[in-house]
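Chemist: Please find one structure pasted underneath; my questions will follow.
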Amino acid sequence: MDHDREPFSMTISDTARGSRRLLLGRLAALPAAFGLGIFAERESGEAKKGKGKKGSGKNKNRNKKKDKNTNGGGGGYSPDSEERAFLDLINDYRRKNGAGNLSLQNQLGAAADHHSQDMANKNYFSHQLSNGDSAEKNIERFGYTNWSFIGENIAAGQETANEVMEAWKSSPDHDKGMRNKNFTEIGIGRAYNKNSKYGWYWTTTFGSQ
């Protein structure tokens, strides 16, 4: 089990396709683990062409242009009953905190599913996927490219929607992300591998276009 984390946050700026502000927070607690809460904002202003370099290896970006598509290209995303239960929980929580409902989005869902399955199958726990992709690049790889805001939470060790909801609510940075009024869409992915360190792995990907 991981014992070494204290909550922290940092702000990093870059100029890739317009400035982005990344807010990172991290917390781990027994018996489960919480990953970095990653949130990115594409600020207003003329987008700059070409590749940009970020100040953190956790969030690399390559500029890609794809048509806006909120329903297709999701890799056959089909949320299970606990993932749908989490949608109800987070929307109820957001309403109580003055934020709008989130709708399931196929591309975000496929990205979340892939990340959770990758962590479970490869027995790791990180926002950086086993192939080296950052969370942001993973989201964009599934076609969610024309975003204004994106974010991701990961957790491990919780089987049910209620358990992971309470876990993220207990972490200020993850809680802030769940209540973020800029987000309008969500993908929810849960995966299990009995031979992995934590068993259950969750990913939620947030966005707005």
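The values are calculated or read from the model by the stated rules, or taken from the named source; none is laboratory data. Note that this is a predicted model, so its numbers are computed, not measured. Virtual Cβ from ideal backbone geometry, glycine too; neighbours counted across all protein chains shown. The area values use the complete protein model at the heavy-atom level, side chains included, leaving out ligands, DNA and RNA. Shrake-Rupley method; radii C 1.70, N 1.55, O 1.52, S 1.80 Å.
Chemist: Quickly run through region 176-207 and pick out the residues that are assigned to a strand (DSSP E or B), crowded, with 19+ Cβ neighbours inside 10 Å and aromatic (Phe, Trp, Tyr). So that I can check it myself, show each step before the final result.
Modeler: Going through region 176-207, the residues assigned to a strand (DSSP E or B) turn out to be 185-192, 200-207.
Filter once more, keeping what is crowded, with 19+ Cβ neighbours inside 10 Å: 185-191, 200-207.
Within region 176-207, TRP200, TYR201, TRP202, PHE206 qualify.
Chemist: Something else: Looking only at region 185-209, count how many residues are touching a residue at least 24 places away in the same chain (Cβ under 8 Å) and farther than 17 Å from GLU136 by Cα.
Modeler: Within region 185-209, the subset touching a residue at least 24 places away in the same chain (Cβ under 8 Å) is 185-193, 195-209.
If we keep only those that are farther than 17 Å from GLU136 by Cα as well, we get 190-193, 195-201.
Residues that pass the stated criteria total 11.
Chemist: A follow-up question, please. Can you name every one of the helices (runs of 4 or more DSSP H) wholly within region 73-148 that holds 1 or more residues which are within 12 Å of the chain's Cα centre (by Cα) and closer than 21 Å to THR160 by Cβ? Walk me through how you get there before you give the answer.
Modeler: On the way: elements: 81-96, 106-122, 135-141.
Here the list reads 106-122.
Chemist: Which condition does ASP173 not pass, out of (1) at pLDDT 95 or above; (2) touching a strand residue (DSSP E or B) at 6+ places or on another chain (Cβ under 9 Å); (3) in a helix (DSSP H, G or I); (4) farther than 23 Å from ASP80 by Cβ, if it passes all the others?
Modeler: Evaluating ASP173 over (1) at pLDDT 95 or above; (2) touching a strand residue (DSSP E or B) at 6+ places or on another chain (Cβ under 9 Å); (3) in a helix (DSSP H, G or I); (4) farther than 23 Å from ASP80 by Cβ leaves (1) as the failure.
Chemist: For region 136-153, enumerate the residues that are in contact (Cβ under 8 Å) with a residue 60 or more places away in the chain and either at positive phi or touching a helix residue (DSSP H, G or I) at 6+ places or on another chain (Cβ under 7 Å) (or both).
Modeler: Keep residues of region 136-153 that are in contact (Cβ under 8 Å) with a residue 60 or more places away in the chain, which gives 136-137, 139-140, 142-153.
Scanning region 136-153 gives ILE139, PHE142, GLY143, TYR144, ILE150, GLY151, GLU152, ASN153.
Chemist: Just checking, how many residues over region 141-172 are among the acidic types (Asp, Glu), within 20 Å of HIS115 (Cα to Cα) and either touching a Pro at 6+ places or on another chain (Cβ under 6 Å) or surrounded by fewer than 22 Cβ atoms within 10 Å (Cβ to Cβ) (or both)?
Modeler: So the count comes out to 2.
Chemist: Moving on. For region 90-117, name all the residues that are open to solvent by less than 40 Å² (accessible area, probe 1.4 Å) and free of Cβ contacts under 8 Å to residues at least 60 places away in the same chain.
Modeler: ASN91
Chemist: Could you please tell me which pairs satisfy a Cβ distance under 7 Å, a separation of 6+ or placement on different chains, a first residue in region 75-86 that is in contact (Cβ under 8 Å) with a residue 60 or more places away in the chain, and a second residue that is aromatic (Phe, Trp, Tyr)?
Modeler: Pairs that qualify, where the first residue is in contact (Cβ under 8 Å) with a residue 60 or more places away in the chain and the partner is aromatic (Phe, Trp, Tyr), are GLY75/PHE142.
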